[in-house]
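Each remark here refers to the structure printed beneath this line.
Every read-out reported here was derived from the displayed coordinates using simple, explicitly stated rules and does not represent laboratory data. Since we're looking at a predicted model, the values are computed, not measured. Cβ sites come from the backbone with ideal geometry, for glycine too, and all protein chains shown count toward neighbours.
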Amino acid sequence: MFEKLKSGLNSLVNKITTTELKAENLRPTLSEFKLNLIENDVAVPVAEHICSEMEKRLDGVQVKRLEDKRKIVEKNLREVLLEVMLTNNKIELFKAIEEKRRKNEPFVIVFVGINGTGKTTTIAKVARLLNRKGYTVVLACSDTYRAGSIEQLENHARRLGVKMIRHKYGADPAAVAYDAINHAKAHGIHVVLIDTAGRMQTNRNLMNELAKIKRVVNPDLTILTVDALTGNDAVMQAEEFHKSVGVDATILTKVDADIKGGSALSVTYVTQKPILFVGTGQKYEDLDEFNPEKFVNMILR
């Protein structure tokens with residue numbers, strides 16, 4: 001996982017360790033590193049930010065006789081990467097669900113993202129996780145246009161043993177979501193997970209439809225699912241959805257197959273919203289909470 005990004009970071013540390021810490025000497029190495037980051041799916045503004053921060057922090061640093069230059073470089077790189085990954089919006093999902101539970105209200109999550117990112121499977125994984133934490137869940141199929149979408153979610157609901165609310169194909173997606181919330185209120189269900197349509201992110205009708213769902217149901221969270229393997233496309237999707245609909249957090253899917261790793265850095269920086277979970281496989285249990293510190297430590301190993 002993320003082998004190419006790890007290799008690029010390691011190469012940077014090695015090169016800077018043998019360079020005099022002055023801006024003019026650092027620039028050629030950082031310029032090469034910027035290209036390496038971009039090749040590994042780090043968005044251009046993010047790559048530029050990382051390199052300019054490294055130059056600022058290391059320029060003119062005096063290394064004392066017994067100090068380890070490598071450790072100084074690594075420490076600064078770790079701090080810069082962490083700053084890129086951390087946002088002001090910390091989401092404590094289970095605490096937030098508990099707060100709504102105490103008020104006898106369901107916690108409502110709307111999932112957005114384009115087709116093919118693994119959105120529906122991710123919803124099933126989140127449902128399994130919530131069940132294991134002791135919460136009851138209802139699924140809502142507000143993707144009423146894509147052929148097979150209702151059956152796909154229904155299949156997951158059956159395998160998970162949870163209720164799903166559906167209407168006919170072509171029905172109003174907001175009405176499905178509204179009915180699911182009413183069902184949750186009537187039956188004391190803790191969490192409503194709403195699946196939505198995922199045509200291309202530039203489709204105005206889709207964005208208007210998603211905005212309508214949000215207006216009608218006023219969700220507690222809007223989560224964007226992004227496929228880590230789509231590289232810079234993931235960043236464009238994140239920007240477009242956040243601008244058009246507003247997202248609170250991201251779930252990065254298929255990271256187990258991602259040898260580059262730049263999407264994780266870029267999506268957070270672009271949206272300034274945290275990554276909540278990462279999908280790490282095909283099974284319902286393959287969903288891990290995302291920890292920025294652990295991620296940075298892993299890519300700097």
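Annotation: the residues Cys141, Cys51, sorted from fewest to most other C-beta atoms within 10 Å of their own C-beta, follow the order Cys51, Cys141. Here the extension length gained between Val61 and Ala211 equals 49.0 nm, from 0.36 nm per residue of separation less the Cα-Cα distance.
Computed from Cα positions, the angle between helix 3-17 and the longest principal axis of the chain comes to roughly 30 degrees. With kT/(6 pi eta Rh) evaluated at 4 °C and eta = 1.567 mPa s, and Rh the Kirkwood radius from Cα pairs, the chain diffuses with a coefficient of 63 µm²/s according to Stokes-Einstein.
Candidate cross-link partners of Lys90 among the aspartates and glutamates, defined by an alpha-carbon separation under 12 Å and a same-chain spacing of 8 or more, comprise Asp248. Quick one: in segment 1-131, what % of C-alpha pairs are over 26 Å apart? More than 26 Å apart: 46 percent of the Cα pairs in segment 1-131. Remark: segment 107-260 carries a charge dipole of roughly 400 debye about the Cα centre, counting +1 on each Lys and Arg Cβ and -1 on each Asp and Glu Cβ. Against the main long axis of the alpha-carbon atoms of the chain, helix 23-39 sits at an angle near 30°. Compared with the dominant principal axis of the Cα atoms in the chain, helix 262-271 is inclined by about 70°.
Bridges between two residues of the chain, per DSSP, are antiparallel at a rate of about 10%. Adding -39500 (n - 2.57) for every DSSP H run of four residues or longer, then dividing by how many residues the chain holds, sets the calculated 222 nm ellipticity at -17000 deg cm²/dmol.
Restricting segment 1-106 to chymotrypsin sites (Phe, Trp or Tyr not before Pro) that sit in a DSSP loop and have at most 11 other Cβ atoms within 10 Å of their own Cβ leaves nothing.
Here's the picture: charge each Lys and Arg Cβ at +1 and each Asp and Glu Cβ at -1 in segment 93-299, and of Ile114, Phe241, Ala177 the one pushed furthest to the positive end of that dipole is Ala177.
Residues Asp172, Asp195, Asp143 in ascending order of nearby Cβ atoms (within 10 Å, fewest first): Asp172, Asp143, Asp195.
Among the listed pairs Lys95/Lys168; Lys34/Lys56; Lys95/Lys254, those with a Cα-Cα distance over 24 Å are Lys95/Lys168; Lys95/Lys254. About its Cα centre, the dipole of the chain is roughly 660 debye, where the only charges are +1 on Lys and Arg Cβ and -1 on Asp and Glu Cβ.
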